[in-house]
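Derivation of every value follows stated rules applied to the coordinates shown; laboratory data play no part. Computed from a predicted structure; not experimentally measured. No Cβ is skipped: glycine too gets one built from the backbone with ideal geometry, and neighbour counts run over all protein chains shown.
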Amino acid sequence: MVSHMSDGPLRYFKSLPKGLLENYARQLIITVVALVSFIAVWWAVALWQNLPYLPPPDKVFWALVESFTKQDASLGTDMWGNIAASLQRFAIGFIFAFLVAVPLGLVMGFFKIADSFFKPIVEIFRPMPPIAWVPIFLLIFGIYWGPVMVIFLGVLFPLLSSVIFGVKSVDKPLIDAAKTMGANRMQQFTKVVFPYTVPFLMTGITIGLGIGWMCIVAAEIIGAVGGGVGFYINYTKDLGRFDLMYAGMVVIAILGICTVGASRLIERRLNQRMGVK
Amino acid sequence: MTILSINKLRKTFPSTPEDLVAISEFDLEINEGEFVCILGPSGCGKTTLLRMIAGLDFPTSGEIQINGKRITGPGSDRGMVFQEFALFPWRTVRRNVEFGLEIRGVPKGERKEISDRYIELVGLTGFENTHPYALSGGMKQRVGIARALANNPAILLMDEPFGALDAQTRNLMQKELLRIWSETKKTVVFITHSVDEAVFLADRIVVMTTRPSTIRNIFPISWERPRDRASVEFATLRKQILAQLEKEVQSVPAVP
């Protein structure tokens, strides 16, 4: 009894499947080795080739520091301002996509007639890369709303597909159970179909965030008002400051990892709450 | 007193070259407080029959009446327990049990009182805030039973409720169901393909034929409960019913 209690703090680790910790440690070491090798190869190639548009990692690192600490004279802002501009654009596009995709997806999944009507239209636009819309959107919506609309399209379709799929995969017995307890069609929808769809919606959000993020750079490169990280990349390229250009690319990558990572975290939490383990 | 009466029930499903007759010439009366098991070879339309009583499916002709009123759809006078549990995975045990009460707009305080009572009845006190995924099969079906009872239905419809459970849990749940039944005095219509289960539980066993299904035989059982599975009379009746079921299965024409 006493000896059993004394190993209490260790019990958590002992309860883990054998080899799990070793696996994590190994994975971590391999990840570090991979990243270090990548930077080493980059460094070697940069020094060896000595090309203006391939600065070595240390130069990019200091450019990154510079981009955050020094205001660009002609842009009148530093990297924080560009990030804010991109995120704002991204958020607006995302929210619009969400507001359209969720109701439309629920209706298309639940009512056959709506599905028959909207499906052909959706199927025309869905296979087109959102970036193909950049030129015309800039013309129609201008340099603020143009990029926003591109993100809107990028996020819209993965979200829509996920919601429709979620509604269509609702367990029939759950609907039957709700019916036998007196739920009318509206209550079946709000109390069964909608909650059932939430985890699917989160998967759609994660995919949509990834695609939307890819779209923002392309959209901003062509035109953006008030800065933006994508815009910054193109702008520093024009200046010939390739180190700053790479700094912008690093920022885009990190922000992309963060948004998708945060979304996955929320997804996991939500799945637990929704009883999908 | 008759609570449920099934008259000249017929159910066909569209098919080619001709419609598939699932149930035909089916007549049955069930008394208030009675525990009726419906037993039949698989694919004989047992579940279709129960779904029609629940109002989830509709007869092609004939009718089902509850307290003299024709069934036209689902209603809170009938509660259903599903083989696959059909619990709402995002709801805790309590909120699953309260589902029907929520639908009917019962105020929160009253809901809690009722759910507390039924959670206790099925022996799940302490698990109110647990989600279904964390429960064993037997516990899930306890939630299923509590959820159906919380609406205070006159009839409890059970569609092979213990079919997905292991043998040990199944026997335990049968005993638990009899306890709950004696405490709530509900009418129970219980679908099963296990002769053993039917003999252990029922006041009356209705043996169905293969398609097109009708009643082959009805066995009333008046023995005291709990019944002894090892007794001679239990074994004799089980053998008798099994023999009938086997004949039914053999009478099915071979599928080419």
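The lysines whose alpha-carbon is closer than 19 Å to the alpha-carbon of A:Lys172, local same-chain residues fewer than 8 away aside, are A:Lys112, A:Lys191, B:Lys46, B:Lys140. Considering only A:Phe117, A:Phe90, A:Phe231, give the residue with the highest GNM mean-square fluctuation for chain A, with springs between Cα atoms whenever their separation is below 10 Å. Top of the fluctuation ranking is A:Phe117. Exposure proxy shown here: for B:Lys8, A:Lys179, the number of other Cβ atoms within 10 Å sets the order, fewest to most, as B:Lys8, A:Lys179. Taking other C-beta atoms within 10 Å as the exposure proxy, A:Met149, A:Met249, A:Met128, B:Met1 rank B:Met1, A:Met128, A:Met249, A:Met149 from fewest upward. Among B:His131, B:His193, sorting on how many other beta-carbon atoms sit within 10 Å of each Cβ, with the fewest leading, yields B:His193, B:His131. Note on A:Lys237: lysines with a C-alpha under 27 Å away, same-chain residues under 8 apart excluded, are A:Lys59, A:Lys70. At the listed q of 0.12 Å⁻¹, the Debye profile of chain A, built from one uniform point per Cα, gives log10 I(q)/I(0) equal to -0.93.
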